[in-house]
Amino acid sequence: MRGLRDLLASPGGRDWLRASGVFADPGQFLAALAAPADLRGRDAPCPVYVHQQPAVDQRRSVVAKLAALEALRRAAPAAVTAVFVVIDTDRAASGRAATRIGWQDTSGRQRPLKVAPPGTEAMEFRHVTVDPAQAARVAATLEAYLRQMPGDRAACLARLDVLRPLLAPARPMPLVGYAEALGGFLLEQSLGRRPATVLVSALARDGLLAGPLSRLMEGLDAFVACFNARVAALRACGIDPAVAPLAEGYLPLFHCCPVDGERIRLHRRRAGGGWEAVGQTRAGRRYAFPLGPRGTSLDALFATGRWSPDVVLPVLLNDRFSGLVAGRSSALYCLVLNAAMAEALGMRPIPILAPAALGGAMPGPDGLVQSWLTG
């Protein structure tokens, strides 16, 4: 199966991506941008976003997306607003890099340092708290690694001293805030500017995802059918869709257990004369939320304040933004989402930029912490 790197490597692959709304050329991407509905007729720049889980130590592929977004803003500051959508509602184990500081020793061995407490893997990022004692141990380990590095150790240790207040806070703090402080500082050093961020939990809390989600629920059966057809079509062409087909009873929703914090997927099932969203934790706790006679009412779930969307997040954000800078996986699964939202929901997908850097090798340390500490 061909991935994004394979497609970007050939003119034919890039042409096929462009025909599907995914651009490799920033100029062509900029030309395709249009203001979202709430900005039409106003002299305002087009909002373009990157979405990613919060991370204390963003990896090279994520930095490549954010660097491409910042390059767009600099190239057309009057035309583009850059936004980093932070998926703090995702499961902490959804990406190992999100809760770990990467480190590669002199022999090339990877030695990641976990900053999230044990037992939090099934929780959402927004509900995880960083323990100062564990953070201090991570800082001490990094110091030991730096003392073993060749080169100017004094300069490396001096940079660690600058980073230490962010790396090892004196008090417990939410992982999302920890990532914003430490990761934001490192992104500013790398990009020359700290990205403007918005949390998915804040969008959900403020009701900004409710309308698009209701629209999706109204056309859910057609959306699932189109989604699965697109997955099959891409696989038939030898292209990795980066997502699996959706199962019967699929809902684009998760619920976070208020007892132990486990994030559980919800499924749709018949209940009397209507429908309900149901899920069960590994500990056996069952949750059920009425969806009404048509299976589209989400009021009961919204009232918990503990719901979150799944991979369809770009569908929910589509009409709020003008464009998306995607990664190696998201560029591919957005091919699926875009086809499904256009065919099933009558939506016009926004253009996508796949940064050229994602098509080649990325030398150097994989994380910003090691890159900055070692100069």
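The values are calculated or read from the model by the stated rules, or taken from the named source; none is laboratory data. Keep in mind it's a predicted model, so treat the numbers as computed, not measured. Note that each Cβ is placed from the backbone with ideal geometry, even for glycine, and that neighbours are counted across all protein chains shown. Ligands, DNA and RNA are stripped out before the accessible areas are found, and what is left, the full protein with its side chains, is counted by its heavy atoms. Shrake-Rupley method; radii C 1.70, N 1.55, O 1.52, S 1.80 Å.
Per-structure values
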read-out: Filter result for ALA97 (out of contact with any strand residue (DSSP E or B) (no Cβ under 6 Å at 6 or more places or on another chain), in contact (Cβ under 8 Å) with a residue 60 or more places away in the chain and not acidic (Asp, Glu)); value: no
read-out: Any hit, region 235-253, residues being modelled with pLDDT of 95 or more, small (Gly, Ala, Ser), within 25 Å of PHE321 (Cα to Cα) and in contact with a Gly (Cβ under 9 Å, 6 or more places away or on another chain); value: yes
read-out: Hits in region 71-94 (condition: assigned to a helix (DSSP H, G or I) and open to solvent by less than 10 Å² (accessible area, probe 1.4 Å)); value: LEU72, ALA92
read-out: Pair list, Cβ < 6 Å and 6+ apart or interchain, from region 223-252 residues that are without any contact (Cβ under 8 Å) to a residue 60 or more places away in the chain and over 19 Å from LEU291 (Cβ atoms) to residues that are assigned to a helix (DSSP H, G or I) and of a type in the set (Val, Ile, Thr); value: PRO245/VAL231
read-out: Every residue from region 166-187 that is open to solvent by less than 40 Å² (accessible area, probe 1.4 Å) and farther than 23 Å from GLN52 by Cα; value: ALA168, PRO169
read-out: Answer from ARG96, ARG60, ARG40, ARG100 - the residue that is more than 22 Å from ARG328 (Cβ to Cβ) and modelled with pLDDT under 95; value: ARG40
read-out: Of the criteria (1) more than 17 Å from VAL56 (Cα to Cα); (2) surrounded by 16 or more Cβ atoms within 10 Å (Cβ to Cβ); (3) modelled with pLDDT under 95, which one ARG147 fails; value: (2)
read-out: Verdict on ARG60 being under 30 Å from VAL369 (Cβ atoms), open to solvent by 50 Å² or more (accessible area, probe 1.4 Å) and within 13 Å of the chain's Cα centre (by Cα); value: no
read-out: PRO47, sole failed condition from (1) assigned to a strand (DSSP E or B); (2) within 27 Å of PRO169 (Cβ to Cβ); value: (2)
read-out: Candidate set: region 227-256, residues that are out of contact with any Pro (no Cβ under 6 Å at 6 or more places or on another chain) and assigned to a helix (DSSP H, G or I); chosen: the one surrounded by the fewest Cβ atoms within 10 Å (Cβ to Cβ); value: ALA236
read-out: Candidate set from region 17-44 (those that are part of a helix (DSSP H, G or I) and among the hydrophobic types (A, V, I, L, M, F, W, C)); member that is farthest from ALA168 (Cα to Cα); value: ALA19
read-out: Checking LEU163 against (1) crowded, with 16+ Cβ neighbours inside 10 Å; (2) closer than 30 Å to TRP307 by Cα, the condition it does not meet; value: (2)
read-out: Filter result for PRO195 (under 23 Å from ARG60 (Cα atoms), assigned to a loop (DSSP other than H, G, I, E, B) and open to solvent by less than 30 Å² (accessible area, probe 1.4 Å)); value: yes
read-out: Selection count, region 95-139, where residues are more than 25 Å from PRO258 (Cα to Cα) and either touching a helix residue (DSSP H, G or I) at 6+ places or on another chain (Cβ under 6 Å) or open to solvent by 60 Å² or more (accessible area, probe 1.4 Å) (or both); value: 12
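Conditions tested, residue by residue: (1) more than 20 Å from MET1 (Cα to Cα); (2) touching a residue at least 24 places away in the same chain (Cβ under 8 Å); (3) in contact with a Pro (Cβ under 9 Å, 6 or more places away or on another chain).
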residue	(1), (2), (3)
GLY323	yes, yes, yes
TYR333	no, yes, yes
ALA339	no, yes, yes
ALA354	no, yes, no
ALA357	yes, yes, no
ALA361	no, no, no
LEU368	yes, yes, no
SER371	yes, yes, yes
THR374	yes, yes, yes
